[in-house]
1. Here's a check for you: in the stretch 106-136, which residue that is surrounded by fewer than 23 Cβ atoms within 10 Å (Cβ to Cβ) and within 12 Å of Leu147 (Cβ to Cβ) is farthest from the chain's Cα centre (by Cα)?
2. Within the stretch 20-42, how many residues are more than 23 Å from Val53 (Cβ to Cβ), open to solvent by 40 Å² or more (accessible area, probe 1.4 Å) and under 15 Å from the mean Cα position of the chain (by Cα)?
3. Tally time: how many residues in the stretch 57-70 are touching a Leu at 6+ places or on another chain (Cβ under 9 Å) and either of a type in the set (A, V, I, L, M) or open to solvent by 60 Å² or more (accessible area, probe 1.4 Å) (or both)?
4. Among the residues of the stretch 169-197 satisfying the criterion of being more than 16 Å from the ligand (Cβ to nearest atom) and among the hydroxyl-bearing types (Ser, Thr, Tyr), which is most open to solvent (accessible area, probe 1.4 Å)?
5. Restricting the stretch 140-165 to residues that are touching a residue at least 12 places away in the same chain (Cβ under 8 Å) and of a type in the set (Lys, Arg), which is nearest to the ligand (Cβ to nearest atom)?
6. How many of the residues making up the stretch 125-139 are without any contact (Cβ under 8 Å) to a residue 12 or more places away in the chain and part of a helix (DSSP H, G or I)?
7. Looking only at the stretch 12-34, filter to residues that are among the small types (Gly, Ala, Ser) and touching a Gly at 6+ places or on another chain (Cβ under 8 Å); which one of those is farthest from the ligand (Cβ to nearest atom)?
8. Pairs needed: first member in the stretch 70-99, closer than 15 Å to Arg57 by Cβ; second member anywhere, surrounded by fewer than 15 Cβ atoms within 10 Å (Cβ to Cβ) and of a type in the set (Phe, Trp, Tyr); C-beta distance under 8 Å; at least 6 residues apart or different chains.
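The values are calculated or read from the model by the stated rules, or taken from the named source; none is laboratory data. Predicted model, so just to flag it, every value in this text is computed and none were measured. Glycine gets a Cβ as well: all are built from the backbone with ideal geometry, and neighbour counts include every protein chain shown. Areas reflect the complete protein model, heavy atoms only, side chains present, ligands, DNA and RNA absent. Shrake-Rupley method; radii C 1.70, N 1.55, O 1.52, S 1.80 Å.
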Amino acid sequence: MISDNVRALLSRLPETNPFGEKITLVAATKTRTADEINEAIGAGITDIGENKVQEFRDKYDLVHGANRHFIGHLQTNKVKYLIGKTYLYHSVDRDELAQEIAVRSCRAGIVSDILIQVNIGCEESKGGYALAETPAAYETLSRTQGLRVRGLMAMLPLSDDTALLSRLCDEMRALYDALRERDGNISFLSMGMSGDWELCVNHGANMIRLGTAIFGQRDYSHHN
Ligand SMILES: *Cc1c(COP(=O)(O)O)cnc(C)c1O
């Protein structure tokens, strides 16, 4: 079923977004076993994203053949477990976190690829920079040793108001384009989950993060 879901998704996913950019599908693997994740990889998934450091670590050696993204809220004191193992940090939502990734990356002699998380819906429950603060955050983070800013990430509010969601995506895309014009490293706009990915892709996302659409409904009862 997982492999059927992956194949069905990959056949529905357009080759490119309306901006002519290739779309990267990241499987959101929270609560999923290594076997389930490996099945998805076997069916064509190339990139996976974890939300929790513990799960990232537990599954790290058991999962094979995919780029490892970190997509969840990240506590500063847990950054050390991810350094050198993370293909892309999607959820850099505050300066303190960025600085910790930077310092640890320099110490390890590497540069870490990050996205700046934008709280596009201005939601209390979500992390991220306000849209208006993001250009200044970009200025700082793009000049920080040990970091390479690759783009922006957002989670849309839960809503069925497509006009609103479209407008928020367009605002993200406009900022993304403005950064990209000046900085050749900018190449990812990570936006879109199982419920809203088509809208996000149509409005310029080039990286989507899907859990439920690949693995089915999550069951949190076995987790603490
Ligand atoms: C869980 C999660 C997703 C995927 O959510 P689905 O609705 O299951 O597709 C995407 N992004 C983040 C940050 C997540 O935590």
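1. Per the stated criteria, the residue is Cys106.
2. Here the count works out to 0.
3. The total comes to 1.
4. The selected residue is Ser187.
5. If we take residues in the stretch 140-165 being touching a residue at least 12 places away in the same chain (Cβ under 8 Å) and of a type in the set (Lys, Arg), then Arg150 is nearest to the ligand (Cβ to nearest atom).
6. First pass over the stretch 125-139, keeping only residues without any contact (Cβ under 8 Å) to a residue 12 or more places away in the chain: 125, 132-133, 136, 139.
Add one more test, that the residue is part of a helix (DSSP H, G or I), and what stays is 132-133, 136, 139.
Qualifying residue count for the region: 4.
7. Ala27
8. The qualifying pairs are Lys85/Tyr60.
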